[in-house]
Structures are given as structure tokens and as C-alpha cells.
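The values are calculated or read from the model by the stated rules, or taken from the named source; none is laboratory data. This structure is a prediction, so every number in the text was calculated from the model and none was measured. With ideal geometry, Cβ positions are generated from the backbone for all residues, glycine too; neighbour counts draw on all protein chains shown.
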There are 2 protein chains.
Amino acid sequence: MENSRFNELRIKVNEYLDKYMEVIYPESVYESMRYSVLADGKRLRPVIAIETASIFGCSIEQVMPLACAIEMLHAQSLIHDDLPSMDNDDYRRGKLSNHKVFGESTAILAGDALLSYAPKLIIDKTPSSIPPEIILRVLKEFFIAAGTDGIISGQIVDIDSENKQISPETLDFIYEYKTARLFKLAIRAGAILGGANEDILEKLTKFAQYYGHAFQICDDILDITSTIEELGKTPGKDIKAKKSTYISMFGLEEAKKQVIFLCNQAYDILKESSINSEILSGILTDIVKRVNK
Amino acid sequence: MENSRFNELRIKVNEYLDKYMEVIYPESVYESMRYSVLADGKRLRPVIAIETASIFGCSIEQVMPLACAIEMLHAQSLIHDDLPSMDNDDYRRGKLSNHKVFGESTAILAGDALLSYAPKLIIDKTPSSIPPEIILRVLKEFFIAAGTDGIISGQIVDIDSENKQISPETLDFIYEYKTARLFKLAIRAGAILGGANEDILEKLTKFAQYYGHAFQICDDILDITSTIEELGKTPGKDIKAKKSTYISMFGLEEAKKQVIFLCNQAYDILKESSINSEILSGILTDIVKRVNK
């Protein structure tokens, strides 16, 4: 995304991720964790969390542990998704996937470790100006996104659906759980940290839902239209794995239309809620641009 | 362990585990989680947590979410340890290991899911009579045991040590991180939940350390002296994997002596601290009996 505040925040996230992840004995597991967490990435989810929290008055220092924890969770899901028994992908974020470098057992354990490292970071590093009951609510959002109420169920249904004709409802479930729930975490936990009320929390949840689904359909489109250099991971995987996507179900043109529709819906929520955020509106225009390139 | 309160608590833990783990869509991941969590087990760690918390005045209802979360974490570590890329074990707790029944990808995801399900249970089900700052401290103990400060680093070093001559210090590291840290979690988090002061917490941590190491050496001894029926998992694995154990390093007789020494040290702590608990003293006499059978 071409936005100077976005880039500033992305650089800050990278600095903190680096600082938060020291390598000590036994080095291999820490190196494996760092390899995936610090790999080149847009830092979209942590930046969204920081931006949302700052709308409600949080400082960078207050939200940074949460933001980095979300990026660690995202990296965890990618490490385990890439395993041979899962999606079996050799490339991720422009380099070899974790298990290709560190071996399968270390990759599994590094992923496991991140699932504890991330919430412990929130507990250890969130400044004491944030009350404990708020931290508990933030942690709960984290576990919703990380577990059976989130990416785990998305991945299970995604794997179960390979080589199968699935219904639009099942596809919707996969997009919601595998993709949108992480964005919901970034937005909801950010807003909760800043003390947002239930009404605005509901609206922002809806925003994250529209955005998350649009993001995933955009991802499907890029899987077809991009090269490995542009994508940083193997393209054409969905077709190869005979995966049902929005495109295989409704066609490429309909998919592009749906991205634009969802982004407009999300944009309306920002307008209704009088949220003036270049970053939150910018992530919408960004995917609209990408599908229309 | 032959103790009626222990048995009562074990039954209660099983009831709550069953109640806490409903099967909903997508069923396969919940079934896989239940398969391992509800498999026959001594429920040693949750019972120790309940007993410790009750010494400091906690009710069963107050400690049960924590107790069940600890058992879920234990099950998670077993599911992932048994995977082909790890210890590659086909049997666990008297039945086929998780990936042999549900497949590797579901077993990995079920383990991942438990790492979020368990702490979320603590947040959702611990009664509001426990203050949020205490719940945060309990969760922190959970992540210490579950992550790089606990079983993950133990397992990493354990795997790295196969087919290698290792030092007594490395062996001690493995026993501490892979085994003792889970007992420390049960004891420390139980005591913290009940509001124990730092002094007694330190002493109980030492108790858990002695017990944890004794427990692991006992486990090594039983790996040599037991049948698959007695053990519920494949015996003779350490020798087959050319794993260094306390026995391979110091011999069987020295190993038995060390178990007795450690249990005596642990027993002295209970006496010094005026802790009269049939369960905490009983778990010590129990392993002494088992190594001397």
C-alpha cells in the first residue's frame, strides 16, 4: 500500500518483532520462529490493529505487543499450512518455506511455540496503563481467531474440500474462518484495547468481515493472474489442488465484481461511523486496484 | 494412585473435560481433540492443580477450568510428539495415536486448536470470584509451560539429542523442560489461583521440580521394565531410538536411587511447609513404589 503512515508503521512493526524475538538456547527453535515471523511481509494485520487502536486513543507502545502477537499468529498459520501433510508448499514470502529450511519437526514445534509466545508477549509487554480485564478480552479475541472459532476450522474445512464439489455456504465458511477471522482479530482487539463501545465494535466487525472476504477473493484472483515473483509463493496452486474458489464457482469477472461490492460495503461502514482513516480506507482501494490491474 | 480423593477428582476431571468439549461443525477437528483429551489417563496434572489450589482455599469450580486446560495442553504435546516427523509412535494411552486415526493434518490442527482452546477455557469458565489479574498470572504460567520456556524447548533438545552422546546437563535440561515444567504449571498456577504468597510459591516450585525429574526417571525405568499393556504406549522406545536417558548414563540401580533421593527432597518440602496433603505426598510414594516393583 502506498501510504507513508502505513510504511512508517510497517517499519516499526518490523523493529519490534526483531526486538521481541531474541535467539537463546535451544537456538534452532528460535531461529525457525524468527525465520518465518521476520520474513518479508506487508504487516497488514498488525498495522490494521495499530491503526484501529489509535483511532480509539491508544499509543504505539500500548498496542505494539498485540500487533506483533497477531503477526506471530499469522506466521504460525503459514508455517503449519505449508507442511507436507497440509498444503505442501515449498515457497512462502519469496523464500523457502519453514520446514524446507529447518525440517518438519522443528517447523511444527516453532509453530506450536508461536501460539504461546504471542499471547505471553501480550501479557508481558502491554503497558500497565491497560487494565487486566481489557487484556483478558484482547486475549480472548486472539484465541477465537487462532483456534476452532477461527483459522483452525477454516483450514480443516479447506483441506476436507480439496477435489470436492462444495456449496457456496462451505466456501463462505472457509473464507470467513481461514481469512476474515484474523482481520476481525486485528480490528476487534485493537478497538477493545482502545476501549471502543459495543456499537462501534459491531460495526467494525462487519467492516473486517467485508474486507476479509474481499481480501481472500483478491488472493484467489492473484493466484491465477500472478507470477511466483509477484506473489512470493507458488501461483496456480488452487487449480492444481482442484480447490474450489470464488472464481471456480462464479467465474473471474463475477469475482472481481464481488471484491468491489464488498469493498464498497466496508467503505460505507467507515463513512457511517465517521471513521477518517487513510489506512482503513486505503486497504480497500488497494485490493480494488490489485484485482483491476 | 490408590487414594479415594484422587479417584474422586479424576472422575470429576473426566466429567468436566467431557462437558467442556462439545462436538460441532467441523466435527473432525473436535472429534480428534476429544479422542486424545478424553483417552484414558491418570489425570495426574489436573488433579495436582486442583489439590494445590484447594490447599489455598479454592473450590473445585474455581480451579476446574485451569485443571482441564492443563490436561488439554498435556494431550496436545502427546499428539504432536507422536507425529511421524517427531517420535513417530503408533500407540498412546492404550490406543492408536491421534494421527493414525485422524490423519496427520487433522492431528496437527487438533493439537494447534488445543493450544487456544485451553487458555480460552480458563478465560471463559473461571468464575468471576477470581480477579482478572490473577487469571492473567495463571495464563502466563500456562504459556511458560506450553512454549519455548517449557515443553517446546524440551522436545527440540530431545529430538536433537537422538543418536548422540549428550552431557548430564543436556539431559537435565530435557527432563526439566519436557516434563517438570508441566508439573510446575499444575502446582504454581494452582497455588497462584488460590492466592499463595511468593515464599510458599518458591517452595512448591522446588517440590514440582524434584517431583518432575523423579517422574521422568521413573518413566525411563518403566520404558525398560514394562509391557505395552502396562504402559499403554510402545515400550523399549528409548533404546530403539538410541535416546540418552538417566539409565543409559548412570545405570538402572543409580536411576532408582535418584528417584528415591528426589522424592525424599520433595517430601521434605511438604513437611517444612506444613502441607498435609495425601495427594501430594501420595504421588511421591506412588513413583517410589513403581520403580521398586
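Taking A:I48, is it β-branched (V, I, T) and more than 21 Å from B:S153 (Cβ to Cβ)? Talk me through it step by step, then tell me what you get.
Values: β-branched (V, I, T): yes; more than 21 Å from B:S153 (Cβ to Cβ): yes.
Yes; evaluated as a whole, the condition is true for this residue.
Looking only at region A:138-181, count every residue that is away from every other protein chain (no Cβ under 13 Å) and among the hydrophobic types (A, V, I, L, M, F, W, C) and tell me the total.
Number satisfying all stated conditions: 2.
B:T205: more than 14 Å from chain A (Cβ to nearest Cβ), surrounded by fewer than 24 Cβ atoms within 10 Å (Cβ to Cβ), closer than 18 Å to B:V138 by Cα and of a type in the set (S, T, Y), yes or no? Give the steps one after another, and end with the answer.
On the way: more than 14 Å from chain A (Cβ to nearest Cβ): yes; surrounded by fewer than 24 Cβ atoms within 10 Å (Cβ to Cβ): yes; closer than 18 Å to B:V138 by Cα: yes; of a type in the set (S, T, Y): yes.
Answer is yes for this residue.
Only one of these is among the β-branched types (V, I, T), closer than 22 Å to A:I151 by Cα and either outside any helix (DSSP H, G or I) or free of Cβ contacts under 8 Å to residues at least 60 places away in the same chain (or both): A:T234, A:T285. Name it.
Details: A:T285 fails: closer than 22 Å to A:I151 by Cα.
Exactly one of A:T234, A:T285 is among the β-branched types (V, I, T), closer than 22 Å to A:I151 by Cα and either outside any helix (DSSP H, G or I) or free of Cβ contacts under 8 Å to residues at least 60 places away in the same chain (or both), namely A:T234.
Six or more apart or on different chains, Cβ under 7 Å: which pairs go from a residue in region A:212-227 that's among the acidic types (D, E) to one that's part of a helix (DSSP H, G or I)? Could you list them?
A:D220/A:D238; A:D220/A:Y246; A:D220/A:I247; A:D220/A:A255; A:D223/A:K237; A:D223/A:D238
Of all residues in region A:168-209, which are among the hydrophobic types (A, V, I, L, M, F, W, C), in contact (Cβ under 8 Å) with a residue 60 or more places away in the chain and under 19 Å from A:I279 (Cα atoms)? Before you say what the answer is, go through the steps one by one.
Residues of region A:168-209 among the hydrophobic types (A, V, I, L, M, F, W, C): A:171, A:173-174, A:180, A:182-183, A:185-187, A:189, A:191-193, A:196, A:200-201, A:204, A:207-208.
From the residues that got through so far, the ones that are in contact (Cβ under 8 Å) with a residue 60 or more places away in the chain too are A:171, A:182-183, A:185-187, A:189, A:191, A:193, A:196, A:200, A:204, A:207.
Correct list: A:L182, A:F183, A:L185, A:A186, A:I187, A:A189, A:A191, A:L193, A:A196, A:I200, A:L204, A:F207.
Before we move on, is B:L193 within 30 Å of B:I55 (Cβ to Cβ), at pLDDT below 95 and not basic (K, R)? Give the steps one after another, and end with the answer.
Numbers: within 30 Å of B:I55 (Cβ to Cβ): yes; at pLDDT below 95: no; not basic (K, R): yes.
When the stated conditions are applied, B:L193 does not pass them.
Looking at (1) more than 8 Å from chain B (Cβ to nearest Cβ); (2) touching a residue at least 24 places away in the same chain (Cβ under 8 Å), can you tell me which one A:P84 breaks?
With respect to (1) more than 8 Å from chain B (Cβ to nearest Cβ); (2) touching a residue at least 24 places away in the same chain (Cβ under 8 Å), A:P84 is out only on (2).
Which of the residues that make up region A:84-104 are under 19 Å from A:E27 (Cβ atoms), surrounded by fewer than 16 Cβ atoms within 10 Å (Cβ to Cβ) and touching a helix residue (DSSP H, G or I) at 6+ places or on another chain (Cβ under 7 Å)?
A:V101
Could you tell me which numbered condition B:I135 fails, if it satisfies all but one of (1) farther than 29 Å from B:D89 by Cα; (2) buried (at least 24 other Cβ atoms within 10 Å of the Cβ); (3) among the aliphatic types (A, V, I, L, M); (4) more than 7 Å from chain A (Cβ to nearest Cβ)?
Among (1) farther than 29 Å from B:D89 by Cα; (2) buried (at least 24 other Cβ atoms within 10 Å of the Cβ); (3) among the aliphatic types (A, V, I, L, M); (4) more than 7 Å from chain A (Cβ to nearest Cβ), B:I135 violates only (4).
Under 20 Å from A:F56 (Cβ atoms) and more than 19 Å from the chain's Cα centre (by Cα): does that describe A:E202?
On the way: under 20 Å from A:F56 (Cβ atoms): yes; more than 19 Å from the chain's Cα centre (by Cα): yes.
In short, yes.
Could we say that A:K164 is surrounded by fewer than 21 Cβ atoms within 10 Å (Cβ to Cβ), farther than 20 Å from A:I70 by Cβ and out of contact with any Phe, Trp or Tyr (no Cβ under 9 Å at 6 or more places or on another chain) here? Before you say what the answer is, go through the steps one by one.
Values: surrounded by fewer than 21 Cβ atoms within 10 Å (Cβ to Cβ): yes; farther than 20 Å from A:I70 by Cβ: yes; out of contact with any Phe, Trp or Tyr (no Cβ under 9 Å at 6 or more places or on another chain): yes.
Answer is yes for this residue.
Could you pull out the residue among A:A145, A:A107, A:A113 that is of a type in the set (A, V, I, L, M), within 17 Å of B:E104 (Cα to Cα), in contact with a helix residue (DSSP H, G or I) (Cβ under 7 Å, 6 or more places away or on another chain) and buried (at least 17 other Cβ atoms within 10 Å of the Cβ)?
Values: A:A145 fails: within 17 Å of B:E104 (Cα to Cα); A:A113 fails: within 17 Å of B:E104 (Cα to Cα).
Within the list A:A145, A:A107, A:A113, the selection yields A:A107.
Which condition breaks for B:P65 when tested against (1) within 14 Å of chain A (Cβ to nearest Cβ); (2) surrounded by fewer than 22 Cβ atoms within 10 Å (Cβ to Cβ); (3) in contact (Cβ under 8 Å) with a residue 12 or more places away in the chain?
In the conditions (1) within 14 Å of chain A (Cβ to nearest Cβ); (2) surrounded by fewer than 22 Cβ atoms within 10 Å (Cβ to Cβ); (3) in contact (Cβ under 8 Å) with a residue 12 or more places away in the chain, B:P65 misses (2) alone.
Would you tally the residues in region B:68-79 being free of Cβ contacts under 8 Å to residues at least 60 places away in the same chain and either of a type in the set (A, V, I, L, M, F, W, C) or farther than 21 Å from B:E22 by Cα (or both)?
Result for region B:68-79: 5.
Is it the case, given these coordinates, that B:I192 is within 23 Å of B:L262 (Cα to Cα) and not aromatic (F, W, Y)? Quick ask: steps written out before the conclusion?
Numbers: within 23 Å of B:L262 (Cα to Cα): no; not aromatic (F, W, Y): yes.
It is false that B:I192 is within 23 Å of B:L262 (Cα to Cα) and not aromatic (F, W, Y).
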